[in-house]
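For reference, the structure discussed in these notes is given below.
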Amino acid sequence: MINLRNIDSKIKFLFLSFLLLILVIFSMFIGPVRVSMYDIGATLYNETFGLFLDPFKVPEKDFVIVYYLREPEILAALVVGSALGIGGAVVQSIFRNPITEPYIIGVSSGAALGAVASIGYSITFLGFYSTQIFAFLFALIIVFIIYGISSRRGRVPVTYFLLIGISISLFVSSLVAYVLITNVKLEGEEVILSWLLGSLQAITWKELTVVFFIVLVTSLVSMLNYRELDTMQMGEDFARSVGVNVERTKKVSIVAVALGVSAVVSISGLIGFVGLIVPHVGRLLFGGSNRYVIPASALIGSIFLLCANDLSTMIISQEVVPVGIITAFVGVPVFIYLLHKLAVGSYES
Amino acid sequence: MKVEINNLEIRLGSFRSSVNHLSMENGVWGIAGPNGSGKTSLVKVIDGLIEPVSGNVNIDGKNVQEMNYRERAKIISYLPQEIANPFNFRVSDVVKLSGYSGDGNEGRVADALEMVGIPDLKDREFSTLSGGEKRLVMLAGTIYQNSSLIIMDEPETFLDIKHKHILKKVVRKLSRNGKMILVVLHDIESIVSMTDSTVLLSQGQVVDSGTTGSVINEKNLETVFGIRFIKDSSSQTARFIEYDDEVDT
Amino acid sequence: MKSITKLIAVVVVVAIIASGLGIYSYEHTVSNDKVSSHPITVTDSLGRTFTFNHTVTRIVSIDPAATATLYALGAYKYLVGGNEFDCYPPNESLPNTGNAFGINYEEIVNLSPQVVLYYGDAMNKYTDYVNNTLHIPVLVDNPENFQEIENFTLMLGTLTGTEKNASIITEWMNESLSAINNATSNITNRLSAFYYLCYFGGYYTVGNDTFIGKIMYYAHLRNIATNPCYYDMPAEDIVNDSPQVIILDQYVNYSAVEQEPFNSTPAFQDGMIFHVPNDNFMDEPDFRTIYSVEWLVNQVYPFALLSIPKFPLSLQYPPTYGFRA
C-alpha cells in the first residue's frame, strides 16, 4: 500500500482544496427543490458582477433559494467545519490527549445553557431574537470559569483543567436538563431540539459574516502558535526547556479556540464528532506537526461537514435531518476505516 | 561556564530541599543520591522549570530566574526523564522541536542523529521506537539545541548495554567540544566512569561536592545510601561493590 | 503551503464580500389570482399586525390546528403546503414543509406562499428567518383558551375571505360551551383527576397551564398536578392526592395503572379510568377541542346527559373524524 504520509504535502493540500471546491459546486445543486443549472449560474454571476454588468434574468424564487438558503448553508459548513477542526487540533495538542475535542473546555455545555435559557425565558437582546448571542456569551463565560478554577499558582495543569472542564460541563448540562424539563416553553420546541443536535439551516448572512471574521482571526492565531503547540506534545517540561512560554501558549490557544468554537456553535448548535475526528485524519495524512495539521483540519472539517450536510438533505426526500445526526452516523464508520487503513502503527503504543 | 547556587530553597508538596551554596564549573558533573533526595528538583530549578521559594541560580553571573524561556533555552538544554508520546511525529520532527529557540538549519538534525548513532531512524515514526531509542532521539534533540549547558535527567533509563556505551561516548565528546554537562545518575558505577565531578545529595541537602574521585568514597556512600560499599581493588577503574554484613565473604 | 492557506482565505473572503453585493437582480413575479381587491388587516396571537392587499390564496401551514381550521372554513384549497403533523383532514397530499427538527425552507420558497402559519408563543429562529430574511409573513397561533381559538378562527376567516363560515364555527363553539356549562353547573364538586401523559422514566403529566390542563378544567375536573407545565409527578404525591379520575393518553397502556401508585387510588378502585381515543384532539388547540371536552364530561359525569349542538357546516370529513364513529 502507498503510504500517504510520503506524498508531498503540497500535492495533498492541492488535492484537498480541489475536492472542497468540487463539493462546494456540487452542494449548490443539492436541496429539496430542483433549481436549474442556468438559474444557479446566473445567480452567482449576478451576485459577483451584477453591479457592474447587466444581470441575467432569474426567477425570484430560484434567486432566494440559491442566495438565502444554499449559499449561507455551504459557507456555514466551511466556517463551522474549519473552526471545529482547528479547535480539535489545538485542544488535542494542549491536552496531549487524542480523545479530547474543543467542546471539552466547556463550550458546548455553556452554549447549550445560553440557548435554552434565552428560549425558555424569552430573553431578547435589544429587541433581537437572542439565542445566538446568549449561546456565544455563555460558552465563553463557562470556559473562563473552568480556566479560572483550574489555575494553580499561575499555572494551569492540563490534567486538572481536563477534570475541572468535564465536571463543570456535567454540572452545567444538568442545569440545561433542568431548564428543559421544567420550562413549559421548551416543551416540544423544535428549535431547541435542532439546536442541540446541530443544524446549518436558517443562518443569516449577517450572522455568518460576523462569525466568519471571528473564525478567521482565531484560526490565524492558532496557526501562528503551531510550533509552540508541537513542542507541548512532548510534555510541558520539554516545551519550557526548549524556550516555549507554555502558560502563555495555553492561555492564547484556549481563548482562540473558545472564541472561534463558541461563535460557530452559536449559529450551528452542537454539531458533534467533527472536532474529535478531523484532526486525526489530518495527522494520518500529514503527520503530527500542527504546521500541517491545523490547515488540514480546516480543509478536512469543511469537506466533512459539507458532505454530511448534503447527505442530511438527500437522505430522506422532503425531510430535514439535523446535520449533527449525520456527522456521527456517517463519520464513525468512515473514521474507523481510515484508522485501520492509514494508521501504519502510529496508534499502537 | 559556571553554575552557582545560593541560599536555594525548593518546596514541592511535602518535599523540601535547601542548598546553601553550590558551585559547579565546566566538565561533566554528576548529580547523585538515592531516590527522593532531590536530584531532579535541583536540575529543574537550574533549568528554570521549577520556581524556587527563595534563593537563586546564576549561570556565568546571570540569574536564571530572571531570563525568559527563550534566553534560557539558548544556554541550557534539558533531556527529560519521562518521554511523552506525541501524535504521529517522525524522529526528525521530534529532533527539530528542540530548535524552537534557535535559528535551526536542516543539516544539523542528521548530524545530531549521527552523533548518537541512530542516523537510520530519521524517518521512523517516533511512537514505534523502543524506550532506549526514544531516549537517544531526545538526546539528539539536546545536541541539536546547541546550548552550552546540557542537563540530562536519568539518561540511562531504558538503555541497553550498547546504548549506554553510546551515551558515555556522546557525553565525553560533548565535553571535549567544550559543553558543560549536568547528569543525574543513580548508578554509582556510571558516575565513576562518566563524570569528572559529583554533587552527592541526600534528603534535599548537599552532602558533598567536588571531584568524583574525592566525593565517591566508602564513608559518603554509607551516609547517603545507608549500606556499606567496598572498593573493588581488582578493577582498573574505581568500582564499588555493595557489602552485605549478613553474608560471610 | 502557507501561500495555499492564504489563497483559500482570500478566496473565501472575496466570495463572502462579493455575494453581499448585487443581490437585487431577480425577476419579481406578481401573483394574478386576486380574490377580493380591498386590503385586509389581521393580528396574530403575538399581537403583530399584518396588512395584505387582498385575501390570501397561497398559504403554507406548519400548524396542524391551522390546517384543520382552514379545512372547516372551506379554505383548504388555498393551502399550498402542509406539515408532517397534519392529520385532519386525512390523506393530505400537500408538500411537506416541516417536521420535528425544523422547516423545509426551500420548499416554502418554492411554493411562494403569501403567508406562513406557525404555532408557538414567541418568534423563534425559524419564524424569524422566514419572516425577516425570506420576507414571507409568518402568522403565529398560540391559543390558551377557547376565546383565543375563536379569535384565531376568525382571523383565518378574514385572511381567506371566509368570515361567514368563521362566525358560524365560533357561534357553534359558544353554544357548545354553554351546553357544557349548563350540564355541569349542578355538579358541586369537581372530581380530582390525573392525566397520565407518558410513562417513560416516570409519571409524566400535564400541569395547569398546559392546554390539556385547561381542557380538564373546562370538563369540570380538578387537576391534581398543580405545577404549570408538563412534568414528572412524584409517585408519593399521586398516592397522597388520591385522584378520583385517571385519564390515559392514547399511547399509555391500561396495564400501567394496575400497579403502584395507581392501584390504591379511588379512580382505580371505582373504575374511573378513561383512555383518550385520539390524542390529536387533546394536543391541537382548534375548534375540534370542543369534542375532547364533551368526551371527558360524558365519561366522567354520564349522569349530566351532556349533548352539544351538531356541527353546522357540512364537511367531507366530519370534525369528529378519527375521534368517534
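One residue is enough: does region A:139-149 have a residue meeting the conditions within 15 Å of the chain's Cα centre (by Cα) and surrounded by 24 or more Cβ atoms within 10 Å (Cβ to Cβ)?
Within region A:139-149 (the criterion being within 15 Å of the chain's Cα centre (by Cα) and surrounded by 24 or more Cβ atoms within 10 Å (Cβ to Cβ)), the answer is yes, since at least one residue qualifies.
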Hey, does region A:13-31 have a residue that's at the interface with chain C (Cβ under 8 Å from one of its Cβ atoms) and of a type in the set (Ser, Thr, Tyr)?
-> yes
Which of the residues that make up region B:188-207 are in a strand (DSSP E or B) and closer than 19 Å to B:Arg239 by Cα?
-> B:Ser197, B:Thr198, B:Val199, B:Leu200
Do the conditions hold for A:Ile271, that is, is it more than 14 Å from chain B (Cβ to nearest Cβ), crowded, with 24+ Cβ neighbours inside 10 Å and more than 28 Å from A:Ser9 (Cα to Cα)?
-> yes
Confirm whether A:Asp39 is touching a strand residue (DSSP E or B) at 6+ places or on another chain (Cβ under 9 Å) and either modelled with pLDDT of 90 or more or part of a helix (DSSP H, G or I) (or both).
-> yes
Scanning for something in contact with a Phe, Trp or Tyr (Cβ under 9 Å, 6 or more places away or on another chain) and of a type in the set (Asp, Glu), does region A:340-349 turn up at least one residue?
-> no
Going through (1) part of a loop (DSSP other than H, G, I, E, B); (2) of a type in the set (A, V, I, L, M, F, W, C); (3) more than 19 Å from A:Ala77 (Cα to Cα); (4) under 15 Å from the mean Cα position of the chain (by Cα) one by one, A:Met234 fails only at (4)
Residue, farthest from the other protein chains (Cβ to nearest Cβ), within region C:124-158, restricted to residues that are of a type in the set (Phe, Trp, Tyr) and closer than 24 Å to A:Phe63 by Cβ = C:Tyr126
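Okay, residues lined up against (1) farther than 23 Å from A:Ser317 by Cβ; (2) assigned to a helix (DSSP H, G or I); (3) within 14 Å of chain A (Cβ to nearest Cβ):
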site: C:Thr51; (1), (2), (3): yes, no, no
site: C:Ala68; (1), (2), (3): yes, yes, no
site: C:Asp86; (1), (2), (3): no, no, yes
site: C:Glu92; (1), (2), (3): no, no, yes
site: C:Ser112; (1), (2), (3): no, no, yes
site: C:Ala122; (1), (2), (3): yes, no, yes
Given the conditions (1) in contact with a strand residue (DSSP E or B) (Cβ under 7 Å, 6 or more places away or on another chain); (2) surrounded by 22 or more Cβ atoms within 10 Å (Cβ to Cβ), and given that C:Met272 satisfies all but one, which numbered condition is not satisfied?
-> (2)
Residues located in region A:220-236, provided they are within 12 Å of chain B (Cβ to nearest Cβ), more than 21 Å from A:Ile104 (Cβ to Cβ) and free of Cβ contacts under 8 Å to residues at least 40 places away in the same chain | A:Thr231, A:Met234
Across (1) acidic (Asp, Glu); (2) surrounded by fewer than 21 Cβ atoms within 10 Å (Cβ to Cβ); (3) under 30 Å from C:Asp63 (Cα atoms), C:Asp286 clears everything bar (2)
Return a yes/no flag: does region A:237-252 have any residue that is aliphatic (A, V, I, L, M), assigned to a helix (DSSP H, G or I) and free of Cβ contacts under 8 Å to residues at least 12 places away in the same chain.
-> yes
Looking only at region C:99-110, and only at residues there that are under 17 Å from C:Ala66 (Cα atoms) and β-branched (Val, Ile, Thr), the one that is farthest from the other protein chains (Cβ to nearest Cβ) | C:Ile108
What is the one condition in (1) within 11 Å of chain B (Cβ to nearest Cβ); (2) farther than 25 Å from A:Leu311 by Cα; (3) under 17 Å from the mean Cα position of the chain (by Cα); (4) modelled with pLDDT under 95 that A:Val210 does not satisfy?
-> (1)
With respect to C:Gly120, is the statement that it is buried (at least 18 other Cβ atoms within 10 Å of the Cβ), more than 30 Å from C:Ser176 (Cα to Cα) and within 19 Å of the chain's Cα centre (by Cα) true?
-> no
If you take just the strands (runs of 3 or more DSSP E) that sit entirely in region B:28-101, which of them hold at least 1 residues that are within 7 Å of chain A (Cβ to nearest Cβ) and crowded, with 24+ Cβ neighbours inside 10 Å?
-> B:76-79
So which residues in region A:290-326 are within 14 Å of chain B (Cβ to nearest Cβ) and buried (at least 24 other Cβ atoms within 10 Å of the Cβ)?
-> A:Asn290, A:Val293, A:Ile294, A:Ala296, A:Ser297
Quick check: is even one residue across region C:19-30 modelled with pLDDT of 85 or more, part of a loop (DSSP other than H, G, I, E, B) and more than 8 Å from every other protein chain (Cβ to nearest Cβ)?
-> no
In this structure, does A:Leu84 turn out to be facing chain C (nearest Cβ under 8 Å) and either out of contact with any helix residue (DSSP H, G or I) (no Cβ under 6 Å at 6 or more places or on another chain) or within 25 Å of A:Gly275 (Cβ to Cβ) (or both)?
-> no
In region B:125-169, the residues that are farther than 24 Å from B:Lys44 by Cα, in a loop (DSSP other than H, G, I, E, B) and among the hydrophobic types (A, V, I, L, M, F, W, C) = B:Leu129
Count of region C:210-248 residues which are more than 23 Å from C:Glu260 (Cα to Cα) and either touching a residue at least 40 places away in the same chain (Cβ under 8 Å) or more than 11 Å from chain A (Cβ to nearest Cβ) (or both) | 9
When you go through (1) in contact (Cβ under 8 Å) with a residue 40 or more places away in the chain; (2) in a helix (DSSP H, G or I); (3) touching a strand residue (DSSP E or B) at 6+ places or on another chain (Cβ under 7 Å) one by one for C:Glu175, which number turns out not to apply?
-> (3)
(1) at pLDDT 90 or above; (2) crowded, with 18+ Cβ neighbours inside 10 Å: which one isn't true of B:Ser190, the others all being true?
-> (1)
Where A:Ile145 falls short, out of the listed (1) among the aliphatic types (A, V, I, L, M); (2) within 12 Å of chain C (Cβ to nearest Cβ); (3) over 25 Å from A:Ile277 (Cα atoms) = (2)
Check whether at least one residue in region A:285-308 is hydroxyl-bearing (Ser, Thr, Tyr), in contact with a Leu (Cβ under 6 Å, 6 or more places away or on another chain) and either touching a residue at least 40 places away in the same chain (Cβ under 8 Å) or part of a loop (DSSP other than H, G, I, E, B) (or both), and report yes or no.
-> yes
Within region B:42-71, can you find the residues that are closer than 18 Å to B:Ser209 by Cβ and either without any contact (Cβ under 8 Å) to a residue 40 or more places away in the chain or aliphatic (A, V, I, L, M) (or both)?
-> B:Leu42, B:Val43, B:Val45, B:Ile46, B:Val57, B:Ile59
Considering region B:9-19, residues that are touching a residue at least 40 places away in the same chain (Cβ under 8 Å) and out of contact with any Leu (no Cβ under 8 Å at 6 or more places or on another chain), and then whichever is nearest to B:Leu182 (Cα to Cα), we arrive at B:Glu9
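The values are calculated or read from the model by the stated rules, or taken from the named source; none is laboratory data. Computed from a prediction, not measured in an experiment: that's the story for all the values here. With ideal geometry, Cβ positions are generated from the backbone for all residues, glycine too; neighbour counts draw on all protein chains shown.
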